[in-house]
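The values are calculated or read from the model by the stated rules, or taken from the named source; none is laboratory data. It should be emphasised that the depicted structure is a prediction, and the values quoted were computed from it without experimental measurement. Heads up, the Cβs are rebuilt from the backbone with ideal geometry, glycines too, and the neighbour counts pull from every protein chain shown. With ligands, DNA and RNA removed, areas are computed over all heavy atoms of the protein, side chains included. Shrake-Rupley method; radii C 1.70, N 1.55, O 1.52, S 1.80 Å.
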Amino acid sequence: MTNQSFRDSTQAMFQSTVDKLGLDPGLAEKIRVANSTYTVRFGVKLRGQIHTFTGYRSVHSEHREPVKGGIRYALSVNQDEVEALATLMTFKCALTDVPFGGAKGGLCIDPTQWSVDELEHITRRFAYELIKRDLIHPSQNVPAPDMGTGEREMAWIADQYARMHTTDINAAACVTGKPVGQNGIQGRTEATGRGVQYALREFFRHPEDVSGAGLSGNLEGKTVIVQGLGNVGYHAAKFLSEEDGSKIIAVIERDGTVVDRHGINIEALHRHIRNTGGVAGYPSGLVLSAKGPARFLEEECHILIPAAVEGVINETNAANIKAKLVIEAANGPTTAGANEILKNRGVTIIPDLYANAGGVIVSYFEWVKNLSHMRFGRMQRRLEETRNGMLVDEIGRVLSSNGLSGISAEFRKDFARGASELDLVRSGLDDTMREAYQGMRAIWRADDRFDDLRSAAYALSIQKVAAAYAAKGL
Ligand code: GLU
């Protein structure tokens, strides 16, 4: 399917930006290479025999520490992929002003083939190998969920770290994406999908960008095709359809595609996939079998959201993509070659290093929460509530003393409410997504050398990483 490797594509995009920036070749080379990639092979006794697993933790750049990036569980995991993903993490963090270097981990495993107990065993053993080499550490290297992993695996990793560092008061900060009840943060699970929604909202706040993509108005009524209803695709599709009035007209999954021009009920479809393992038998809309489901990437729609794996938009299908706007919820879904084809055809792409940064942004909040040992909003919430209440009551008094109708109890309740942790997380995520968009947009609009959002995003983040190295000295 992919006719250019993910690593080649990432490198090509990096190189063309560096050339345009005229960056010192020595520094460019330092930024390009992954600093280190650790391969671990370990045995676990399961089902009466020893199984050997291969895992990686790659550190791309330590211009800031800790380095940050998820751990992926998939059979396709390999060194090239982990290094390319670690590279993206560096630029993702730089672009969004998240003060981390880039890293990524992966384990070659099909998680569906193992029971929960077995997975715990394997995860703890993998974590042990990384922890004993400080490749998981609150101040050096902080993993998070990625494809095939979630809060359950992160809780096991955190516990494993705590067992091996019994006196480390900051142990909980060794990994993010943990369950809320175990030092996680509200809003982390939904964060990447929420970030996709905030990115789209910000895009639609810029009429010039919207019309440049051949679109108009806002997200209301826009037709959307989503590829992959995993954690990221599910949340993005859910929020866009439930909160912004967009219509999800097709969901492409591994075993088939669900199509409904009137808009798919994402919650119902997600429940069906969870209960049955696939889209087959979904009772509403048209369900097409797996045969060439990727063909649906080429269907007519306003917005295409690839939210699964790398390289799905490549030289074989880029010329047929009909979406006006592609937002890369997945890492690396568009190859460098396809990127050129789409660009020449006037398709706007909101690039991965920006579009799916919501996860690491909220990971940053979780890490800070863990280090501060206190939930966000705990000190201010009631104070805010009291003050806001006083303000509303006073305005109500003035209004009624002037014969005007007062303030409704409902408004009072809404307005007076102090910010919860979830409110603060969403506010911080929204702010970060807006700022980052405006940063890359400024370059895109002002500098002819960077004529699309991706090259502008690379330019901005590479400059930030270069500045960090320059300031620090090598
Ligand atoms: N795996 C996610 C990503 O690719 C999140 C990484 C993190 O939170 O550290 O961005």
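A few remarks follow.
- Condition met for residue 120 (over 16 Å from the mean Cα position of the chain (by Cα), open to solvent by less than 40 Å² (accessible area, probe 1.4 Å) and at negative phi): no
- Considering only residues in the range 93-115 that are in contact (Cβ under 8 Å) with a residue 12 or more places away in the chain and in a helix (DSSP H, G or I), the one that is most open to solvent (accessible area, probe 1.4 Å) turns out to be 111.
Residues are listed down the side, and each one gets a yes or a no for (1) at pLDDT below 95; (2) in a strand (DSSP E or B); (3) of a type in the set (D, E, K, R); (4) open to solvent by 10 Å² or more (accessible area, probe 1.4 Å):
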| residue | (1), (2), (3), (4) |
| --- | --- |
| 52 | no, yes, no, yes |
| 56 | no, yes, no, yes |
| 60 | no, yes, no, no |
| 80 | yes, no, yes, yes |
| 86 | no, no, no, no |
| 91 | no, no, no, no |
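- When the range 7-22 is limited to residues that are under 25 Å from the mean Cα position of the chain (by Cα) and open to solvent by 30 Å² or more (accessible area, probe 1.4 Å), the one that is farthest from residue 78 (Cα to Cα) turns out to be 16.
- Residues satisfying the stated conditions in the range 131-185, i.e. touching a Cys at 6+ places or on another chain (Cβ under 7 Å), open to solvent by less than 30 Å² (accessible area, probe 1.4 Å) and either among the acidic types (Asp, Glu) or within 23 Å of residue 85 (Cα to Cα) (or both): 136, 138, 142, 158
- Complete set of residues in the range 264-299 that are modelled with pLDDT under 95 and within 24 Å of residue 201 (Cα to Cα): 297, 298, 299
- Annotation note: of 25, 66, the sole residue that is open to solvent by less than 60 Å² (accessible area, probe 1.4 Å), more than 29 Å from residue 116 (Cα to Cα) and of a type outside the set (Lys, Arg) is 66.
- Conditions (1) surrounded by 20 or more Cβ atoms within 10 Å (Cβ to Cβ); (2) farther than 30 Å from residue 272 by Cα; (3) without any contact (Cβ under 8 Å) to a residue 40 or more places away in the chain; number of the one not met by residue 207: (1)
- Looking only at the range 237-263, and only at residues there that are under 21 Å from residue 203 (Cβ atoms) and out of contact with any Ser or Thr (no Cβ under 8 Å at 6 or more places or on another chain), the one that is surrounded by the most Cβ atoms within 10 Å (Cβ to Cβ): 237
- Any hit, the range 189-212, residues being away from the ligand (no atom under 16 Å from the Cβ), over 30 Å from residue 368 (Cβ atoms) and touching a strand residue (DSSP E or B) at 6+ places or on another chain (Cβ under 6 Å): no
- Condition check for residue 302: under 21 Å from the mean Cα position of the chain (by Cα) and surrounded by 19 or more Cβ atoms within 10 Å (Cβ to Cβ): no
- Residues of the range 274-290 classified as within 20 Å of residue 261 (Cα to Cα) and open to solvent by 20 Å² or more (accessible area, probe 1.4 Å), total: 11
- Qualifying residues in the range 305-322 (those that are without any contact (Cβ under 8 Å) to a residue 40 or more places away in the chain and aliphatic (A, V, I, L, M)) - the one surrounded by the most Cβ atoms within 10 Å (Cβ to Cβ): 313
- Qualifying residue in the range 28-41 (condition: part of a loop (DSSP other than H, G, I, E, B) and within 16 Å of the ligand (Cβ to nearest atom)): yes
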